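A quick write-up on the structure given underneath.
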Amino acid sequence: MKNGEKALVRAPASSFFDGFELTHVDVGEVVMRVRRGGAGPPVLLLHGHPQTHVMWHAVAPQLAAQFTVVAADLRGYGESTAPAAAADHSQASKRAMAGDLVRLMSIFGFDRFAVAGHDRGGRVAYRLALDHPAAVTRLAVLDIVPTIEAWERADRARLLDYWHWAFLAQPEPLPERLRAGDPDAYYFRSNRSRFDPRALDDYLRAVYRADVRHAMCEDYRAGASIDVEIDAFDRAAGTKIACPIHALWSRTDLGRWHDVLAVWRRWAEDPETVSGRELDVGHYLAEEAPDAVAEELAAFFASP
């Protein structure tokens with residue numbers, strides 16, 4: 001095996017997405033691993049770092065009772081491919097990732113859809129709403145504020161808490177090399193009980209691949225550069241999110257640092273359409289409180 005990689009024999013994560021079809025879809029620049037299930041209005045679910053679409057395993061089946069649910073690995077994550085890195089990291093920008101997903105949903109026949117994103121996926125989700133307002137009907141964001149807002153408030157205490165933002169954004173190959181020795185210990189060193197063992201298996205299969213670790217670094221490099229620049233341009237231009245926004249956040253994570261609803265209201269065309277609440281769990285909302293997340297999302301997406 002290559003340095004930092006080891007053979008893992010794991011149970012297939014597909015066994016617990018009952019009723020969902022697992023496919024790989026060519027969307028142009030990349031091929032995406034996707035699950036689709038249910039019936040009704042379309043809902044797109046986007047995962048965070050260092051996870052895959054499998055993080056939605058306890059939420060997606062509940063939503064599928066009312067909606068057609070599509071959950072995809074972001075480019076470079078899980079089993080989705082990624083293009084070669086560009087000097088400005090634009091291939092890993094949330095704008096590029098949002099473009100993948102508009103094409104994916106169009107392939108499935110959905111020109112308009114609701115979207116929910118957690119962590120890095122939340123950043124792709126709000127960029128989708130800003131760049132493709134005609135496509136996004138409703139936006140749900142889990143445990144994030146816009147990228148530029150997070151960086152601008154990065155004081156000493158927050159940087160110590162979010163130290164990986166700066167570490168993973170360092171130039172290649174430093175963070176890639178430092179994580180290669182034991183990716184398991186780096187990514188999942190605390191409270192592994194939060195994750196269903198089958199989901200954790202899927203995450204581990206991904207983080208033991210050098211190409212995935214590199215793509216995740218590129219995601220964070222984009223998040224410290226081109227993503228901030230794009231956010232700054234939109235803010236200066238007065239571009240705002242046209243659809244209703246629902247924010248959910250962790251009391252012990254994002255809730256420690258931000259007045260979350262106040263931040264999102266500044267990014268909404270109509271602040272009155274911004275709703276949400278704090279959950280008394282950690283950062284991994286969909287896995288720590290799946291029933292509450294499913295209930296919140298279902299009610300929000302079903303609203304007229």
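The values are calculated or read from the model by the stated rules, or taken from the named source; none is laboratory data. Worth saying up front: this structure is predicted, and the values here are computed from it rather than measured. As a convention, Cβ positions derive from the backbone with ideal geometry for all residues, glycine included, and neighbour counts pool all protein chains shown. Surface areas here come from the heavy atoms of the whole protein model, side chains and all, with no ligands, DNA or RNA. Shrake-Rupley method; radii C 1.70, N 1.55, O 1.52, S 1.80 Å.
How many residues are within 17 Å of the chain's Cα centre (by Cα) and open to solvent by 10 Å² or more (accessible area, probe 1.4 Å) when one looks only at region 112-131?
4
So, in region 72-106, how many residues would count as being within 19 Å of residue 21 (Cα to Cα) and not in a loop (DSSP other than H, G, I, E, B)?
6
Please indicate, with yes or no, whether at least one residue in region 212-233 is open to solvent by 10 Å² or more (accessible area, probe 1.4 Å), over 30 Å from residue 171 (Cα atoms) and among the aliphatic types (A, V, I, L, M).
no
If you take the residues in region 100-111 that are open to solvent by 10 Å² or more (accessible area, probe 1.4 Å) and touching a residue at least 40 places away in the same chain (Cβ under 8 Å), which one is nearest to the chain's Cα centre (by Cα)?
Filtering first and then ranking leaves 103.
Scan region 181-203 residue by residue and report those that are surrounded by 18 or more Cβ atoms within 10 Å (Cβ to Cβ) and either within 25 Å of residue 94 (Cα to Cα) or of a type in the set (A, V, I, L, M) (or both).
183, 187, 199, 200, 202, 203
How many residues does region 151-180 hold that are open to solvent by less than 70 Å² (accessible area, probe 1.4 Å), free of Cβ contacts under 8 Å to residues at least 24 places away in the same chain and among the aliphatic types (A, V, I, L, M)?
2
Going by what's in this entry, would residue 103 be described as basic (Lys, Arg), more than 23 Å from residue 229 (Cβ to Cβ) and out of contact with any Ser or Thr (no Cβ under 6 Å at 6 or more places or on another chain)?
Against the criterion (basic (Lys, Arg), more than 23 Å from residue 229 (Cβ to Cβ) and out of contact with any Ser or Thr (no Cβ under 6 Å at 6 or more places or on another chain)), residue 103 qualifies.
Which one of the conditions (1) in a helix (DSSP H, G or I); (2) closer than 26 Å to residue 131 by Cα does residue 295 fail to meet, given that it meets all the rest?
Looking at each condition in turn, residue 295 falls short on (2).
Pairs under 6 Å by beta carbon, first residue closer than 8 Å to residue 148 by Cβ in region 227-240, partner hydrophobic (A, V, I, L, M, F, W, C) and open to solvent by less than 20 Å² (accessible area, probe 1.4 Å), six or more apart or different chains?
Matching pairs, first to second residue: 228/148; 231/148; 232/148.
Restricting attention to region 265-284, does a residue exist that is open to solvent by less than 30 Å² (accessible area, probe 1.4 Å) and in a helix (DSSP H, G or I)?
There is no residue in region 265-284 that is open to solvent by less than 30 Å² (accessible area, probe 1.4 Å) and in a helix (DSSP H, G or I).
I'd like the full set of residues that are in contact with a helix residue (DSSP H, G or I) (Cβ under 6 Å, 6 or more places away or on another chain) and over 24 Å from residue 82 (Cβ atoms), limited to region 95-137.
Once the filter is applied, which keeps residues that are in contact with a helix residue (DSSP H, G or I) (Cβ under 6 Å, 6 or more places away or on another chain) and over 24 Å from residue 82 (Cβ atoms), region 95-137 yields only 114.
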